[in-house]
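Visitor: Structure provided below as structure tokens; questions to follow.
The values are calculated or read from the model by the stated rules, or taken from the named source; none is laboratory data. Note that the coordinates shown come from a computational prediction; the quantities given were computed from them, not determined experimentally. Using ideal geometry, Cβ is built from the backbone for each residue, glycine included, and neighbour counts are taken over all protein chains shown. Surface accessibility is based on the protein's heavy atoms, side chains included, excluding ligands, DNA and RNA. Shrake-Rupley method; radii C 1.70, N 1.55, O 1.52, S 1.80 Å.
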Amino acid sequence: MKDETKYKIMQNRELLKAYNVSDVNAEATDQEQKLAAAPYVKDKRGGETITLTTDFDGIAGSMDLYGLLKNRVSRRKYSSEALTLRELSFLLWATQGIRKVVGKNNFATFRNVPSAGSRHAFETYLFVSHVDGLDKGIYHYLPMEHALEVWDGRQDFEEELTHALCGQRFAASAPVTFVWSAVPYRMEWRYGLKAHKYILLDAGHVCENLYLACEAVGCGTCAIGAYDQDALDELLGFAPGPSAETDYECAVYAAGVGKAVTEE
């Protein structure tokens with residue numbers, strides 16, 4: 001192994017670690033310096049929005065938690081059947097739905113997934129191909145309103161998305177492809193240099209809820225960690241990195257979703 005590779009591995013391994021003696025003299029976080037926190041949700045663009053339902057009575061079927069856990073698998077094959085808007089609404093609510101907002105000056109949200117310090121650094125984007133009631137296009141989830149906004153109305157994104165997902169066409173052509181971005185400063189404000197570990201831990205919480213919620217409504221999903229960072233960020237219109245700006249945003253995780261079929 002080359003020395004350069006070993007050094008990069010050593011650097012990356014440090015991300016896995018919790019607080020240690022070297023953190024004692026670390027610079028005070030922005031929270032400790034009593035600076036204003038980053039907004040807890042991203043501002044909407046001001047265009048068309050689609051209100052989503054929160055009436056989920058009976059949507060989860062009869063399978064209990066044991067059954068959901070037992071049957072949960074990564075599914076890469078989807079039927080030709082469209083998702084309903086109600087099903088998509090449930091998946092969004094399960095993964096990033098807001099229960100309440102707390103705080104007077106520096107606000108935080110309580111959601112349906114845990115997050116370190118309730119910082120919830122994620123934004124949700126959807127590449128929609130086949131959902132009843134939605135035009136094909138790229139959407140952004142607005143958790144405060146439980147609504148969608150049109151992020152990009154293009155309908156010819158499949159080839160670009162396939163490229164951005166490193167050739168994983170099953171996801172790029174799925175009825176819906178979830179892409180979660182991170183706004184790191186939301187977490188950095190409280191946790192400083194440890195923030196990035198917590199963001200990645202939180203990403204796992206979000207995607208596991210998607211897996212279980214998909215199983216509950218007869219859908220399948222497969223998490224995707226292999227993607228071309230520059231291509232996916234560009235497709236979503238994010239400024240290129242690296243950057244230390246407080247509004248910096250980058251893609252961190254993705255998942256294709258569709259109606260489940262039995263895999264051979």
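Visitor: Go ahead and set up a Gaussian network model of the chain, Cα springs under 10 Å, then flag whichever of VAL21, VAL252, VAL183 fluctuates most.
Guide: Comparing VAL21, VAL252, VAL183 in the GNM, the peak value goes to VAL21.
Visitor: When a/c reaches 1.5 or more, the comparison of a/b and b/c decides; with that in mind, is region 1-123 rounded, prolate or oblate per its Cα gyration tensor?
Guide: oblate
Visitor: Can you tell me the accessible area per residue over the chain, all protein chains present, probe 1.4 angstrom, in square angstrom?
Guide: Numbers: 13880 Å² over 264 residues.
Per-residue value: 53 Å².
Visitor: Placing +1 on the Cβ of each Lys and Arg and -1 on the Cβ of each Asp and Glu in the chain, which of TYR253, PRO240, ILE9 has its Cα farthest towards the positive end of the resulting dipole?
Guide: With unit charges placed on the Cβ atoms, the residue in question is ILE9.
Visitor: Using only Cα atoms, what is the ratio of the radius of gyration of the chain to 2.2 N^0.38 Å?
Guide: Details: Rg = 19.0 Å, N = 264, 2.2 N^0.38 = 18.3 Å.
It is 1.04.
Visitor: Most mobile of ARG75, ARG45, ARG186 per a Gaussian network model of the chain (Cα springs, under 10 Å)?
Guide: In this elastic network of the chain, the residue with the biggest mean-square fluctuation among ARG75, ARG45, ARG186 is ARG45.
Visitor: Within a Cβ distance under 12 Å of TYR139, other residues only, what is the Lys/Arg minus Asp/Glu net charge?
Guide: For residues surrounding TYR139, the net value is -1.
Visitor: In degrees, nearest 10, range 0 to 90: what is the angle between the Cα axis of helix 195-216 and the longest Cα principal axis of the chain?
Guide: The angle comes out at about 10 degrees.
Visitor: While we're here: What do you get for GluC sites (Glu not before Pro) in region 74-133 restricted to DSSP loop and a cutoff of at most 12 other Cβ within 10 Å of the site's Cβ?
Guide: Of the GluC sites (Glu not before Pro), not one in the loops of region 74-133 has a Cβ with at most 12 other Cβ atoms within 10 Å.
Visitor: Next question, about the same structure. In what sequence, largest accessible area first, do CYS250, CYS166 appear using a 1.4 Å probe?
Guide: The residues order as CYS166, CYS250, largest area first.
Visitor: Would you mind counting up the charge near GLU27? Only other residues with Cβ under 15 Å from its Cβ, with Lys and Arg at +1 and Asp and Glu at -1.
Guide: -1
Visitor: Now for a different question. Top mean-square fluctuation among GLN33, GLN168, GLN229, Gaussian network model of the chain, C-alpha springs under 10 Å?
Guide: Looking only at GLN33, GLN168, GLN229, the biggest GNM fluctuation is shown by GLN33.
Visitor: Unpartnered cysteines of the chain (Cβ-Cβ under 4.7 Å counts as a partner)?
Guide: So, CYS166, CYS207, CYS222, CYS250.
Visitor: Normalising by the residue count of the chain, find the relative contact order in percent from Cα pairs under 8 Å and 6+ residues apart.
Guide: About 25 percent, as a whole number.
Visitor: Which residues make up the longest stretch of the chain that has no chymotrypsin sites (Phe, Trp or Tyr not before Pro) in a DSSP loop with at most 14 other Cβ atoms within 10 Å?
Guide: Numbers: sites that count: TYR19, PHE107.
Excluding the exposed sites themselves, the longest stretch runs over 108-264.
Visitor: Can you tell me what share of the DSSP beta bridges in the chain is antiparallel? A percent to the nearest 5 is fine.
Guide: Of those bridges, close to 95 percent are antiparallel.
Visitor: Another question about this same structure. I'd like the carbon and sulfur percentage of the solvent accessible area for region 94-190, probe radius 1.4 Å, heavy atoms only, ligands and nucleic acids excluded.
Guide: Whole-percent figure for carbon plus sulfur exposure: 47.
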